[in-house]
Amino acid sequence: MKIFITSDQHFRHERIRILAARSARNTEEMDQKMLEAWNQTVRPNDLVYHLGDLAWGDANTVIPLILRLNGTICMIAGNHDRWLKDCPDEIFQSGKLELLPALYKIKYNKTKLWLCHYPLRCWEGSFKGAMHLYGHAHGNIEPERLPRSMDVGVDAAGIYPLFIGDIWTKLNKEPIIPEEARIRDAKDNKELQQEIAEWKATLWREQNWKTGKE
């Protein structure tokens, strides 16, 4: 079993296709591309942490889509997941879908990873290297703004669900500069900007990782 993390597919959502400038002629083509990318990466026995805004519509239209996606989905609800309020108990009882709290902690390589639909400015353990994964922002927050955090949404990280090991490897190279300790005076600010510039010089983040491939 492998663990993957993703967010913000917005299946069946025509407006997001336009706003996020997704390369698809219509909603059906967009959905098919994302479904294929998901199932090319995730196997049936894998686990997917989904950080919200999976799909647009009611439960009757979304549940059949979920059943076509590989893996067990552990989901944090996003602001567009209104279909969850009418979701039948059977989908949860089947083990296909599990609903998580709005803020959820997992561990990987002895590192805490805080999962949330929304980006946080600070989180528990940030001074000790804890990481934060989020969605919602559709790639509109500069990656250096919150070191050791990542927008895992499809418009920021590519349409393939991200393998947790790849996420950890990349974030573990980033400086530990918690938001609440970043700027204290002019001297600190100058040093911070220098650190960020040095970090950006070695930054490597592909837009379309084909993760989980061995």
Subject >> One residue from 197, 186, 137, 157 being aliphatic (A, V, I, L, M), touching a Gly at 6+ places or on another chain (Cβ under 9 Å) and surrounded by fewer than 19 Cβ atoms within 10 Å (Cβ to Cβ) >> reply: 137
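Residues 130, 137, 102: which one is among the aliphatic types (A, V, I, L, M), at negative phi and in contact with a Ser or Thr (Cβ under 9 Å, 6 or more places away or on another chain)?
Values: 137 fails: in contact with a Ser or Thr (Cβ under 9 Å, 6 or more places away or on another chain); 102 fails: in contact with a Ser or Thr (Cβ under 9 Å, 6 or more places away or on another chain).
None of the others qualify; the one that does is 130.
Which helices (runs of 4 or more DSSP H) does the stretch 96-214 wholly contain that include 2 or more residues that are modelled with pLDDT under 85 and among the polar types (S, T, N, Q)? Before the answer, list the steps.
On the way: elements: 154-157, 164-171, 186-201.
Per the criteria, 186-201.
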**OP:** Could you please give the count of residues in the stretch 48-86 that are outside any helix (DSSP H, G or I), crowded, with 17+ Cβ neighbours inside 10 Å and either touching a helix residue (DSSP H, G or I) at 6+ places or on another chain (Cβ under 9 Å) or touching a residue at least 40 places away in the same chain (Cβ under 8 Å) (or both)?
**Re:** 19
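For the subset of the stretch 116-136 comprising residues that are among the aliphatic types (A, V, I, L, M) and more than 10 Å from the chain's Cα centre (by Cα), which member is farthest from residue 77 (Cα to Cα)?
The residue in question is 130.
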Original post:
Is it true that residue 90 is outside any strand (DSSP E or B), among the acidic types (Asp, Glu), out of contact with any Cys (no Cβ under 9 Å at 6 or more places or on another chain) and in contact (Cβ under 8 Å) with a residue 12 or more places away in the chain?
Top reply: no
Subject >> For residue 172: the one exception among (1) loosely packed, with under 15 Cβ neighbours inside 10 Å; (2) without any contact (Cβ under 8 Å) to a residue 24 or more places away in the chain >> reply: (2)
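Filter the stretch 152-173 for residues that are small (Gly, Ala, Ser) and within 13 Å of the chain's Cα centre (by Cα) and give the result.
153, 156, 157, 158, listed by residue number.
The values are calculated or read from the model by the stated rules, or taken from the named source; none is laboratory data. Predicted model, so just to flag it, every value in this text is computed and none were measured. Reconstructed Cβ throughout: ideal geometry from the backbone, glycine too, with neighbour counts over all protein chains shown.
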